[in-house]
Amino acid sequence: MASAGTSRLCFRACQFRKCPVGKRKYSIYSEIPVIPSIFSRNYEKCCPSSSIPAMCTFSKNCSTSKIYQTGPMSKYEVQPYTLLENDLKDVYTYIRKSLQQNTHIDDLYEISTYYFDGKGKAIRPMVALLMAKAMNYHIHKEDVPLLTSQTEVGMITEMIHTASLIHDDVIDQSDSRRGKPSVNVMWNQKKVTMAGDYILAVASMLIARLRNNDVTLVLSQVVNDLVQGEFMQLGSKETENERFDHYLTKTYKKTASLIANSIKAVTILSGANEELCNLSFSYGKNLGLGFQLVDDLLDFVASSAAMGKPTAADLKLGLATAPVLFACEKYPELNVMIMRRFQEPGDVEKAFELVHKSDGLEQTKYLAEKNCQEAARLAESLMESPYQKGLIVTADYVLNRLK
Ligand code: FPP
Ligand code: MG
């Protein structure tokens, strides 16, 4: 069921992508089931089915459009971060505690906790805990507290993510993150790299303590995917088709896998059957792809003040994300710039301008919308509860966030 939905999503996106410039209308493509093309051919291969942290009040950080209005509006009054406020506070307290308990080196503790300051969006633990509560409700037909192991998966998820950000900041030589100097600016790069390793090491110990082989496999897969995704990003492909497949696979591995597999892990722990585990995974995969597409879009349209990090950063790093890849259709001169990774003087500015003149941003938003709608559709099939509604609201938030 989940993968059929994904293909349909894909078909529409490709059709959207292929239609003549200037004639694209969202309304048409939301009605007609259409023919697979560049995305759908390899989509499943690319993205397999198998403090309150910036504690975004949704109203503050996202626009108001609703993506999935099949039920009463009351469901949109659910505020996932508020719903999970105490559980999320626990996650951050436990992370800091576990990083303190496993070292006697002050520097290592300080560096490794630098990003656990409650200023991140905490979307990953939030979604993991939300799915855990929604699944517990679905299975037991009543509100059941989180299992300790499920809260621990929320922690582990945030730890793996943060370890990867620390390594990423060293690789990207970034200047700022979340409105403060990035970790690599504050400390020596060798120490910073090891602090990332340390977080990953402590997360691995926490995984081992769960004593659940399936969960261990699922979470280990995430770490492998992150490395594969980051490595893929260092390379590029010659042709347009190959490039989009490469981008989607990279996006799945770098971003969506962590969300998909961590919510699969909490679902396994809830005692759910395989069908529910797959549903959970699919929800996370769609949400994760939507999240990254929006991130790639925001890199072109948001202010650096809102993002807490420089914008147009992807182009400056030589990366061609969805808005550029879509823009190539109208402005093939972008191809040569992509191949030289925007290294020539003026490339970044020119590519930025062409993306804005093309409909690459709209197409990226459209594809993100399809992914988020699919995530919401999957959440709809769970038993109605505040948490299930929270999963739907989260899909809306991911699509409409402004930072
Ligand atoms: C942010 O990318 C980075 C990631 C989502 C993952 C990076 C993965 C690695 C460095 C592999 C090593 C993994 C571990 C677990 C140690 P970005 O540069 O696109 O986003 P940004 O703008 O937030 O920096
Ligand atoms: Mg980076």
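Go through (1) within 16 Å of ligand 1 (Cβ to nearest atom); (2) touching a helix residue (DSSP H, G or I) at 6+ places or on another chain (Cβ under 6 Å); (3) in a helix (DSSP H, G or I) one by one and return the number of the condition ALA320 breaks.
Among (1) within 16 Å of ligand 1 (Cβ to nearest atom); (2) touching a helix residue (DSSP H, G or I) at 6+ places or on another chain (Cβ under 6 Å); (3) in a helix (DSSP H, G or I), ALA320 violates only (3).
How about region 211-262: which of its residues are more than 16 Å from ligand 2 (Cβ to nearest atom), of a type in the set (Asp, Glu) and closer than 26 Å to LYS121 by Cα?
Across region 211-262, the qualifying residue is only ASP225.
If we scan region 186-193, do we find a residue that is open to solvent by less than 60 Å² (accessible area, probe 1.4 Å) and within 16 Å of ligand 2 (Cβ to nearest atom)?
So far as region 186-193 goes, yes, one or more of its residues are open to solvent by less than 60 Å² (accessible area, probe 1.4 Å) and within 16 Å of ligand 2 (Cβ to nearest atom).
Within region 358-403, count every residue that is within 23 Å of TYR252 (Cβ to Cβ), touching a Ser or Thr at 6+ places or on another chain (Cβ under 8 Å) and modelled with pLDDT under 95.
1
Could you please let me know if TYR68 is of a type outside the set (Gly, Ala, Ser) and modelled with pLDDT of 95 or more?
Here the answer is no, as TYR68 does not meet what is asked.
Which members of region 231-281 meet the condition of being over 28 Å from ALA376 (Cβ atoms), more than 16 Å from ligand 1 (Cβ to nearest atom) and open to solvent by 30 Å² or more (accessible area, probe 1.4 Å)?
Answer for region 231-281, where residues must be over 28 Å from ALA376 (Cβ atoms), more than 16 Å from ligand 1 (Cβ to nearest atom) and open to solvent by 30 Å² or more (accessible area, probe 1.4 Å): LYS237, GLU238, THR239, GLU240, ASN241, GLU242.
Filter region 103-115 for residues that are farther than 12 Å from VAL183 by Cβ and surrounded by 15 or more Cβ atoms within 10 Å (Cβ to Cβ) and give the result.
THR103, LEU108, TYR109
Please go through region 282-317 and pick out each residue that is charged (D, E, K, R) and away from ligand 1 (no atom under 13 Å from the Cβ).
LYS285
Being more than 10 Å from ligand 2 (Cβ to nearest atom) and open to solvent by 20 Å² or more (accessible area, probe 1.4 Å) is the filter; apply it to region 165-179 and report the residue that is farthest from TYR115 (Cα to Cα).
My answer is ASP175.
Test of understanding: among ALA395, ALA376, ALA320, ALA305, which residue is away from ligand 2 (no atom under 16 Å from the Cβ) and more than 27 Å from LYS119 (Cβ to Cβ)?
Of the residues listed, the single one that is away from ligand 2 (no atom under 16 Å from the Cβ) and more than 27 Å from LYS119 (Cβ to Cβ) is ALA376.
With the checklist (1) under 25 Å from ASN261 (Cβ atoms); (2) loosely packed, with under 14 Cβ neighbours inside 10 Å; (3) modelled with pLDDT of 95 or more in hand, flag the one item THR93 doesn't pass.
Only one criterion in (1) under 25 Å from ASN261 (Cβ atoms); (2) loosely packed, with under 14 Cβ neighbours inside 10 Å; (3) modelled with pLDDT of 95 or more is unmet by THR93, namely (3).
Criterion first (more than 16 Å from ligand 2 (Cβ to nearest atom) and within 12 Å of the chain's Cα centre (by Cα)) does LEU293 satisfy it?
The answer is yes for LEU293.
Any residue in region 220-239 that is over 19 Å from ILE207 (Cβ atoms) and at pLDDT below 95 sitting within a Cβ distance under 7 Å of a residue that is assigned to a loop (DSSP other than H, G, I, E, B) and near ligand 1 (Cβ under 8 Å from one of its atoms)? List the pairs, counting only those 6 or more apart or interchain.
Going by the 7 Å Cβ cut-off, the qualifying pairs are GLN233/LEU319.
Within region 120-164, take every residue that is of a type in the set (Asp, Glu) and either open to solvent by 40 Å² or more (accessible area, probe 1.4 Å) or within 16 Å of ligand 2 (Cβ to nearest atom) (or both) and give me the one that is nearest to the chain's Cα centre (by Cα). Full working, then the answer.
Kept after step one, since they are of a type in the set (Asp, Glu), are these residues of region 120-164: 142-143, 152, 158.
Filter again for either open to solvent by 40 Å² or more (accessible area, probe 1.4 Å) or within 16 Å of ligand 2 (Cβ to nearest atom) (or both), leaving 142-143, 152.
Working: GLU142: 29, ASP143: 27, GLU152: 20 Å.
The residue in question is GLU152.
Quick one: which residue in GLU329, GLU344, GLU369 is open to solvent by 50 Å² or more (accessible area, probe 1.4 Å) and more than 27 Å from SER176 (Cβ to Cβ)?
Testing whether each residue is open to solvent by 50 Å² or more (accessible area, probe 1.4 Å) and more than 27 Å from SER176 (Cβ to Cβ) leaves just GLU329.
The values are calculated or read from the model by the stated rules, or taken from the named source; none is laboratory data. Bear in mind the structure is a predicted one, so any value in this text is a computation, not a measurement. Cβ: placed from backbone, ideal geometry, glycine included. Neighbour counts: every protein chain shown. To get the accessible areas, we keep the full protein, side chains included, count just its heavy atoms, and leave off ligands, DNA and RNA. Shrake-Rupley method; radii C 1.70, N 1.55, O 1.52, S 1.80 Å.
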